[in-house]
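First comes the structure, then the notes that go with it.
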Amino acid sequence: MKKLLFVPAMVFALTAVAQKTEKPKEDPAKMKHEMTEFWDPEVAVVTPGQQPSDAPSDAVVLFDGTPESFAANWTNSKGETPVWTVADGCVTVVKGSGIIKSKMEMMDFQLHIEWRTPSVVVGESQGRGNSGIFMQGKYELQVLDNYENRTYRNGQAGSFYKQYAPLVNVCKKPGEWQTYDVIYTAPRFKEDGTVFSPARATVLQNGVLVQNNVSLFGPTEYIGIPKYVAHGASPLVLQEHGNPVSFRNIWVRKL
Ligand code: MG
């Protein structure tokens with residue numbers, strides 16, 4: 001019987017506490033519009049490009065189509081001048097020469113890059129117009145000719161290789177220029193090296209959403225399970241996969 005009396009008493013006590021600590025309701029009549037307006041600091045002014053693909057005024061242009069721009073901003077894996085071919089306003093992979101990486105290191109960024117797979121189709125599946133764009137040199141956004149070319153879904157163009165298939169296949173025909181626009185947030189690590197927050201990315205291919213704020217599982221692995229290793233700011237890397245894929249109009253905005 002004692003127990004039965006105790007329960008209603010507890011409910012009454014908790015209700016009383018809840019009522020006491022409840023936030024008083026705001027009276028909208030006493031609010032003025034300026035009370036919810038913030039003026040400072042003023043939002044930075046950025047001049048957009050003529051076209052959405054043109055670099056805005058606060059972007060760092062990593063490649064503008066000229067040999068000078070390429071030499072100033074890119075090296076091979078050893079830090080030497082890369083031997084990829086610069087001609088006709090674009091840079092093209094040279095088979096057997098290895099990756100190239102940006103001299104600039106970055107954490108969070110917005111990236112615009114244009115790419116073109118060879119118009120003469122050679123190979124199939126992963127062997128057809130394969131390259132890649134590695135965020136911070138570790139997380140591959142696949143570049144591949146998937147116009148009427150099946151491969152495993154989490155390895156096709158627009159995928160984060162072997163982690164996330166693209167939402168749709170929006171590839172243009174071989175030989176046509178295509179765009180990637182990427183919003184990338186670098187992973188953060190605790191002092192003991194474990195992950196505090198994973199890398200995240202949103203990607204538009206040819207203006208169409210293909211990755212929607214995905215959380216990456218770790219650095220790209222061809223074989224095996226990705227596993228994070230703590231790192232800081234790192235360069236952008238373009239993959240050499242033996243196919244003469246071309247790139248142009250590469251710019252980033254550090255976020
Ligand atoms: Mg690749």
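The values are calculated or read from the model by the stated rules, or taken from the named source; none is laboratory data. Being a predicted model, the structure only gives us computed values, none of them experimental. With ideal geometry, Cβ positions are generated from the backbone for all residues, glycine too; neighbour counts draw on all protein chains shown. Surface areas here come from the heavy atoms of the whole protein model, side chains and all, with no ligands, DNA or RNA. Shrake-Rupley method; radii C 1.70, N 1.55, O 1.52, S 1.80 Å.
If you take the residues in the stretch 114-129 that are over 18 Å from Val170 (Cβ atoms), outside any helix (DSSP H, G or I) and not charged (D, E, K, R), which one is nearest to the ligand (Cβ to nearest atom)? Among residues in the stretch 114-129 that are over 18 Å from Val170 (Cβ atoms), outside any helix (DSSP H, G or I) and not charged (D, E, K, R), the one nearest to the ligand (Cβ to nearest atom) is Gly123. Summed over the stretch 46-68, residues that are within 19 Å of Ser97 (Cβ to Cβ) and either open to solvent by less than 70 Å² (accessible area, probe 1.4 Å) or in a loop (DSSP other than H, G, I, E, B) (or both) total 2. Of all residues in the stretch 209-240, those that are of a type outside the set (Ser, Thr, Tyr) and in contact with a Ser or Thr (Cβ under 9 Å, 6 or more places away or on another chain) total 14. The residues listed here are Val237, Val252, Val214; of these, the one that is in contact with a Phe, Trp or Tyr (Cβ under 7 Å, 6 or more places away or on another chain) and within 16 Å of the ligand (Cβ to nearest atom) is Val237.
Does Gly193 satisfy being surrounded by 19 or more Cβ atoms within 10 Å (Cβ to Cβ), over 20 Å from Phe109 (Cα atoms), without any contact (Cβ under 8 Å) to a residue 60 or more places away in the chain and out of contact with any Leu (no Cβ under 6 Å at 6 or more places or on another chain)?
no
Counted as qualifying within the stretch 163-255 are the strands (runs of 3 or more DSSP E) with 2 or more residues that are within 16 Å of Ile133 (Cβ to Cβ), namely 178-185, 200-205, 208-215, 234-238, 246-254. The set of residues in the stretch 132-157 that are away from the ligand (no atom under 12 Å from the Cβ), assigned to a loop (DSSP other than H, G, I, E, B) and either crowded, with 21+ Cβ neighbours inside 10 Å or of a type in the set (Ser, Thr, Tyr) (or both) comprises Gln136, Tyr147, Asn149, Tyr152.
Checking each residue in the stretch 104-125 for being crowded, with 17+ Cβ neighbours inside 10 Å and in contact with a Gly (Cβ under 8 Å, 6 or more places away or on another chain) picks out Arg116, Thr117, Pro118.
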